[in-house]
Structures are given as C-alpha cells and as structure tokens.
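S.K.: Quick one: this structure, given as structure tokens, is what I'll be asking you about.
The values are calculated or read from the model by the stated rules, or taken from the named source; none is laboratory data. Owing to the predicted nature of the structure, the values given are computational and were not obtained by experimental measurement. Don't worry about glycine lacking a Cβ; one is built from the backbone with ideal geometry, like all the others, and counts go over all protein chains shown.
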Amino acid sequence: MADYKEPLLPQVTEGQYDHGDQLLIPRNGATTSSFVGGAGDIPPIRSIRDFCREFVAESAKLWFLAGPAIFTSICQYSLGAVTQVFAGHVGTLELAAVSIENSVIAGFSLGTMLGMGSALETLCGQAYGAGQLDMLGVYMQRSWVILLATSLLLSLMYIFAAPFLLLIGQTASISRAAGVFAIWMLPQLFAYAMNYPMAKFLQAQSKMAVRAGIGGAALAFHAAFSWLLVLKLGWGLAGAAVVLNASWWFIVASQLVYIVGGRCGRAWSGFTWQAFHNLWGFVRLSLASAVMVCLEIWYFMVLILFAGYLKDAEVAVAALSICMNILGWTIMAAFGMNIAISVRISNELGAGHPRTAKFSLTVAVISSFVVGIVLALVLVVTRDYYPSLFSNNLAVKQVVKDLTPLLALCIVINNVQPVLCANFRCGNWGWMASSCGVREHWVLLFVWDSIGLDYGLQISYGHNRDLVRYDGRNGGTNTCSLLDDLHN
C-alpha cells in the first residue's frame, strides 16, 4: 500500500507524461477507466456524423451511471421532502418548523458535509482510473475522520438552533418548534459524515446500482413509517424525527456492510492507521471542494430564511419550502448527472483520455438541458394540481401556483449548472484547476448570489413584502451564475 507521506494524488515522475491539450496524459497507457477497458482515447471529431456516433456511445456510458445516480439522489433527497409533506398535513406551523430545520440547520450541515466529501471525487476517481485501488479505502477513512470532527463542531448549531433563529429575526413560534426538531435531528448530522465518503468511494468504482437499491429501500421504509408514526399514531414532529434519523442510518449501515463485506476487492483492505496521516493536506483539499458546493446549497437555505421576514411568515415559509422541495427534486436529475460526469472525467483522466473527458462533459450538458426543459413543462402543465400534494391550506396553494412560472425557469437553469461545476472538482485542466481560476469562480458566485438576494429583498419589501416578487430574483441570480460557469 502507498506510504502515507505520498501526496494526495499520485506523484508524477519526469518524462512520464506529455503535456498535451492542457492535460497530463500517460505515455504508457497501462491504466484504464471503468468503461474503456484497453481502448484508447476517442479520435478527433471532424464531422456531424462523428459527433452523432460518439454522442450515442458516450450517452450510453453516462446514463449507465446517471440513471442509478439520479434515482439514488432522488431517494435520499426525498427523505427530508417526504417528512415535510407529512408535517404539512399536521399543520402549517409544523410544516414551517420542519422546513426551517431542513433548509437552514440541516441544509447548512448538508452543504458542508457534501462539499467536503466531494474531495473524494477527484482522489478516488483518478486513483481508480490510474489503477491505484489500494488508496481508495485510505482516502475514504481520512474523509471519515475529518467529517466526523466537523460534525462535532456543527452540532452546536443544532443545540442552539432556537436562540439562533430568534436572533436572526424568525418568529418565536417557528423558532421554538424548529429548535426542538433540530435537537432531535442530531443523529442525522453524524449520518451525513459517514454517508458521503462512502458514496464517493462507491461512485468512483461505478457501483451505482448498489446505492440505488439501498436508497430505494430506505425511501420505502421512510414513507411507510412516516405515515404510521406521524399521522396514524399521532406522534407529530417527534415521529418525523425518529423515522428520518432511522432512514439515514439505515443507508449508512447498509453501505458499510457492503463495503467491509469484501464486495469492493482491493479498494477496501480494512481499517488502517494511515487514515490519520496527512490529514492537513486532506483538510485543505476538502475545504476547497466544499466552497463551491456550499455556496450553491446555502443559497437555498438563505431563501427559506428570508421568507420568514415576509408578510404572513408561516404561509411564506411553507409556500417557498414547497417550491424549494420541487426544485430540489428536479435538481436531483442534474446532481445524478453531476455524479456520472464526475466519475467519467476522473476515470478518463486517470486513464489518460483527455478528449473523452471533454466530450463526456459536452454530452452531459446537452442531456441535462433537455431533461430540465421536460421537467419545467410538466410542472407548468400541472400547476393547478400539484400544490395539493403538499398542503391543505388554500393560501399556501395559491402562492405556490403563482410561483410556478419562476420555478420552471429556475429548473431549466439549475439543471445545467451543477454539471458544469463538475469541471472544477474533477477536471485537471490547467487554467481551470489553478487556484486563481477557482477563486475567481467562488468570488463571482458569491457576488451573483449577494446581488440577487439584496435585489429580491428590496423588491419584496417595497411591494408589501410579497413572496412572488421576492422569489423573482431567483431566476436572475441563477442566470448570472450559469453564465459564470459557461464563461469558465
């Protein structure tokens, strides 16, 4: 097994690589990706016929990964969304409380854990593509150590959620209910820390079907027991917390049993003390990966937070949380494609196939855009019916219906952006992976979000604190952020 003093990514000896097309290409061609076997890089595309032929071939590879990944992402996201659906049928205050906890408290933690865990997309993906399977388990265990330590710090936010929400101006009733629910959800925080490193570990090996099966079983378990405890037995928020925590730990336990059970071959050789070596370098890479993901996820958290300042706060929070749930469900298609393209790019770069990596990105962007258009059209056509699935409150349903056109626009834009962001985490194009280029993306993304939020708040407060005008800035901000990604 590689010595712990080696850098996070394999060292490059002089003369081993050619610097062609801004990528490092192995000369020996000894390593292969998870799909190409002994094949080389795709030939240059010189005609429409070449493009169509390679597009069909690459689409088959991408959707082989993206199909199970999308299903898994939808299942895991639906755990919190289903909890909100059942809470909405208990009462408007309960829906607002679960929405605030799920979007602000758990959303902050999710962004941090998912972002820091995304460092493994580069490390595990390229190590797998380069044939260095022994390092995958070491990388995963290092990520466990870092994320569990981070969870201890984030637990303070759960414990003091009620005073924190009061401090930032949320209503007393929502703050109290969300604060109690947040304390009950502490086990979920540590499940996040265990889950995301295992997810990246399995993704790098293209073991998507396993995660899809576990996610589907967890969602079925969650829906059945949520109905039983929350509605049938009348446990309310306490029942929702019990089932949500149990569902996440079911996912963690199932993946752990699969990994340690010997189904991953050389990628898992047991627990090792090397997990505690070179932690600082791993922390720096984890933090760098976290920034972009956190900005995207925290952005939605802030939307729900500021909705609590608008007129009729309970209705505003409930309506906007429903829209964010739907947007989140649709974005899972993009996240699934993000996972697939991350695996494809990392594996192909590790195997020394730069043209294949670039073309994979092109196919993923086109596919995500088409999927976004279809989802947006479905939502617009059913805008008179779908709000009733989430709430019985007439005011909430009317606001959700009014927000649907803006929501459809956001779906199209947000379906493409996560796929483009995969470049920064997995593609080692020189100018794109340089610290200057990445910092530029972070700064621009922060500026776009800040301008959009400020503009939306000014409009909403200038029009009697109207939620529809407040959410109108969402499409503009997402458009700017998309243009930034396209520019890079």
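S.K.: Only residues that are part of a loop (DSSP other than H, G, I, E, B) and at pLDDT below 85: list them for region 255-286, please.
M.R.: Cys264, Ser269, Gly270, Phe271, Thr272, His277, Asn278
S.K.: Related question: Quick test of your reading of the structure: Gly352 fulfils all but one of (1) assigned to a helix (DSSP H, G or I); (2) buried (at least 23 other Cβ atoms within 10 Å of the Cβ). Name the failing condition by number.
M.R.: (1)
S.K.: List the number of the failed condition for Ala127; all other conditions in (1) within 17 Å of Gly111 (Cβ to Cβ); (2) surrounded by 20 or more Cβ atoms within 10 Å (Cβ to Cβ) hold.
M.R.: (1)
S.K.: Which of the residues that make up region 368-392 are farther than 22 Å from Ser78 by Cβ and outside any helix (DSSP H, G or I)?
M.R.: Asp384, the sole residue that qualifies.
S.K.: Does Ile74 count as within 30 Å of Trp184 (Cβ to Cβ), among the hydrophobic types (A, V, I, L, M, F, W, C) and touching a Phe, Trp or Tyr at 6+ places or on another chain (Cβ under 8 Å)?
M.R.: Spelling it out, Ile74 is indeed within 30 Å of Trp184 (Cβ to Cβ), among the hydrophobic types (A, V, I, L, M, F, W, C) and touching a Phe, Trp or Tyr at 6+ places or on another chain (Cβ under 8 Å).
S.K.: When you look at Gly137, is it in a helix (DSSP H, G or I) and among the small types (Gly, Ala, Ser), yes or no?
M.R.: Yes; evaluated as a whole, the condition is true for this residue.
S.K.: So, one more: Of the residues Ile42, Ile25, Ile48, which is modelled with pLDDT of 85 or more and farther than 30 Å from Gly213 by Cβ?
M.R.: Every option except Ile48 fails the conditions.
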